[in-house]
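J.: Please see the structure below; I have some questions.
Every number here is computed from the coordinates shown, using simple stated rules; none is lab data. Bear in mind the structure is a predicted one, so any value in this text is a computation, not a measurement. Please note: Cβ atoms are built from the backbone with ideal geometry, for glycine as well, and neighbour counts cover all protein chains shown.
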Amino acid sequence: MSFMSDDPFDKPPCRGCSSYLTEPYIKCAECGPSPFLLCLQCFTRGFEYKKHQNDHKYEIMTSDFPVLEPGWTAQEEMALLEAVMDCGFGNWQDVAYQMRTKSKEECESHYMKNFINNPLFSSTLLSLRQAEESRTADSYSCRSFKTKSKSDCFFPPDFHP
């Protein structure tokens, strides 16, 4: 679980001091089902609360590692996708401005290479597009059903052949 937004209200609070968490932070691997999250300061002080003990196993939560290629962290990948959604495909200047860590050329090159021209993603997108077209075609096809004397077609109310 990683939190990308710069808005502190989008981030969960530390169970120890209630400050909003920034990466890296600690997730207790034994407490649950809701996650027990601590900032590094509370973790290093050995914070305990109710069933949580400071000797529990834990996970370090961070997205500061490469996913698709070196030089781009998982956090930056998510920020790039979010910026493209916010600013629009092709608006690389604004995408880079929102990203803050990459130039417009880096954003465009990385996005095109890894999300548009990547055979894995493009075949998945093509399959999704074909499935959607098939579903749409099926929903607007003439579905006949037998009545006592004839066959009728049903079309949704917004369909105009």
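J.: When the convex hull of the Cα atoms of region 64-114 is projected onto a plane and the area is averaged over all directions, what value comes out in nm²? List each step's numbers first, then the result.
T.: On the way: hull surface 11.7 nm².
Taking the Cα atoms of region 64-114, their convex hull projects to 2.9 nm² on average.
J.: To continue, here is another question. Provide the descending list of Cα extents for region 1-62 along its principal axes, expressed in whole angstroms.
T.: Here the spans come out as 31, 20, 17 Å, largest first.
J.: Hey, can you rank 105-112, 16-23 by average C-beta count inside 10 Å, highest first? Provide the component values of the computation, followed by the final result.
T.: On the way: 105-112: 17.0, 16-23: 14.6.
Listed from highest to lowest mean packing, they are 105-112, 16-23.
J.: With the crude spin-label approximation of a point 7 Å out along Cα→Cβ, what separation in nm comes out for Glu133 versus Ser19?
T.: In this crude spin-label approximation the distance works out to 5.4 nm.
J.: Under a 5 Å amide H to amide H cut-off, with H placed in plane at 1.01 Å, what residues pair with Thr73 once short-range neighbours are removed?
T.: none
J.: Let me ask you something else. Can you flag which of Lys50/Lys102; Lys57/Lys113; Lys11/Lys50 are past 32 Å Cα-Cα?
T.: Details: Lys50/Lys102 44 Å; Lys57/Lys113 39 Å; Lys11/Lys50 23 Å.
Too far apart for the 32 Å limit: Lys50/Lys102; Lys57/Lys113.
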